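The values are calculated or read from the model by the stated rules, or taken from the named source; none is laboratory data. A quick note: this is a predicted structure, and the numbers were derived from the prediction, not measured. No Cβ is skipped: glycine too gets one built from the backbone with ideal geometry, and neighbour counts run over all protein chains shown. Quick note on the areas: whole protein, heavy atoms, side chains included, nothing else; ligands and nucleic acids left out. Shrake-Rupley method; radii C 1.70, N 1.55, O 1.52, S 1.80 Å.
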Amino acid sequence: MTRRGKVIPFPTRRPPAEPAAPELVKLRRCRDQAEALVVRALLDGHGIPAVIRGQLVQSVHPFSVGDAGAVTLFVAAADADRARSLLARA
């Protein structure tokens, strides 16, 4: 009887774990996108990343009236206190 070869499996690598997304908290509600962009630029200038969320798609509705154009700014929970104090000074 002939001797059979030994099967050596390839080592497997686990994919690196993706970092968890930071918890976002509502910072401020702005009247329109222009105001939200100014506030976000102020926050970005101080190293606080912000996310803008609105109800309307600007490419479909180029203008808005009243609360339809309201935009909300969100920041990470860890940066919320610093962002609020920065907006209070501004």
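Here are a few things to note about the model shown:
- Restricted to segment 18-52, and to residues there that are open to solvent by less than 60 Å² (accessible area, probe 1.4 Å) and among the β-branched types (V, I, T), the residue that is modelled with the lowest pLDDT is I52.
- Residues that are in contact with a helix residue (DSSP H, G or I) (Cβ under 9 Å, 6 or more places away or on another chain) and assigned to a loop (DSSP other than H, G, I, E, B) were ranked within segment 7-43; the one that is nearest to A88 (Cα to Cα) is R31.
- Considering residues of segment 53-67 that are at pLDDT 65 or above and open to solvent by 50 Å² or more (accessible area, probe 1.4 Å) only, the residue nearest to L87 (Cα to Cα): R53
- Residue check, A78 on the phi < 0 side of the Ramachandran plot, open to solvent by 90 Å² or more (accessible area, probe 1.4 Å), outside any strand (DSSP E or B) and at pLDDT 80 or above: yes
- When segment 1-12 is filtered for residues that are modelled with pLDDT of 85 or more and charged (D, E, K, R), only K6 remains.
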